[in-house]
Amino acid sequence: MTRSTRTRLATGLVVAAAVLAPALVPTTAQAAEASAAAYVVQGVADQALDVYVDSRLVRRAVPAKTVVGPLALAPGEHVVTLRRGSTPVTDASFSVGAGDSTDLVVHRFPDATRAPSVTVFDNDLSAVPPGKTRLRIAHTAVVGPADVVVDGNVLLRNLANGESATNVVPAGTYSVSVVPTATTGPAVLGPAPIKVSAGSLTNVYAIGDPARGSMEAVVHVIRTATDGAGVPSRVDTGDGGQAAALAGSVGAVPVRPAGPALPAAVVALAAGLAALVAVRGVRRRLPRW
């Protein structure tokens, strides 16, 4: 094999490796998709807490109503720990899977003499219909079982501390109150206006102690996908390529290929093989060694 042939062969192999590498090696985005997202919701109204995950300090002196995250975690078991300076406050073990989203809410029980605890809420980020939002209301306050009143109507009854309820509702602003179950007394929270946006999961956590006048609502919003589609504002047509240039704009109809697209790995493999075949073709035209 001549030096020229070896050089061409080496060049072909390098080209093939460069083409095939992106298809065979996971990208940063793919690795990110394999991780889980966790949020720590500080729901202890009268304290600033240090947040640790798996013994690693995440943030110091987190005040109430603060959402820390998203924290990228590997699938598996983890431990969240809350401290006040050198004093342990509470900790909890939790498990996440690839692509999961989780809220870890630190809050008190109805018995205010008990130490705070952590309740784990899994976030449902599946698609919602256009113009809708997924609304979750959770009871994490220092009160007993409570009713949740939305726009003057009792939406949830007898919700215990640490429990939540979820529903898909139209986007808009709602008046939300929390009242002790089976009573006609004043609300321990609200009425408070809660604005929810379309295409999102809106988590509302009632926190605090009415005896201390610290009742509040923590709102945590996470964007979700939207299934279906709204009415298009325009449809771009023509045979000059203008519609393709506008495919990413709102209301535009993307131009699709005539047939199904080949997987990226198959395209990369074909390109790599083509490079090798080209090298072999060159070798055939050279004298044998």
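The values are calculated or read from the model by the stated rules, or taken from the named source; none is laboratory data. Here the structure is a predicted model, which means the values were calculated and not measured. Cβ placement follows ideal geometry from the backbone for every residue including glycine, while neighbour counts extend to all protein chains displayed.
Remarks
- Under the condition of being under 23 Å from Phe94 (Cβ atoms), surrounded by 17 or more Cβ atoms within 10 Å (Cβ to Cβ) and not charged (D, E, K, R), the residues counted in the stretch 119-134 number 4.
- For the stretch 101-115, filtered to residues that are surrounded by fewer than 20 Cβ atoms within 10 Å (Cβ to Cβ) and within 19 Å of Tyr205 (Cβ to Cβ), the residue that is modelled with the highest pLDDT is Ser101.
Condition check ((1) of a type in the set (Gly, Ala, Ser); (2) at pLDDT below 55) across all residues:
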site: Arg3; (1), (2): no, no
site: Ala10; (1), (2): yes, yes
site: Ala29; (1), (2): yes, yes
site: Ala38; (1), (2): yes, no
site: Val58; (1), (2): no, no
site: Thr81; (1), (2): no, no
site: Arg84; (1), (2): no, no
site: Asp91; (1), (2): no, no
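- Qualifying residues in the stretch 73-101 (those that are outside any strand (DSSP E or B), among the small types (Gly, Ala, Ser) and in contact (Cβ under 8 Å) with a residue 24 or more places away in the chain) - the one nearest to Gly208 (Cα to Cα): Gly85
- Taken over the stretch 75-100, residues that are among the hydroxyl-bearing types (Ser, Thr, Tyr) and surrounded by fewer than 16 Cβ atoms within 10 Å (Cβ to Cβ) amount to 4.
- Taking the stretch 163-198 as the range and being over 18 Å from Val128 (Cα atoms), crowded, with 17+ Cβ neighbours inside 10 Å and small (Gly, Ala, Ser) as the test, the residues that pass are Ser164, Ser177, Ala187, Gly190, Ala192.
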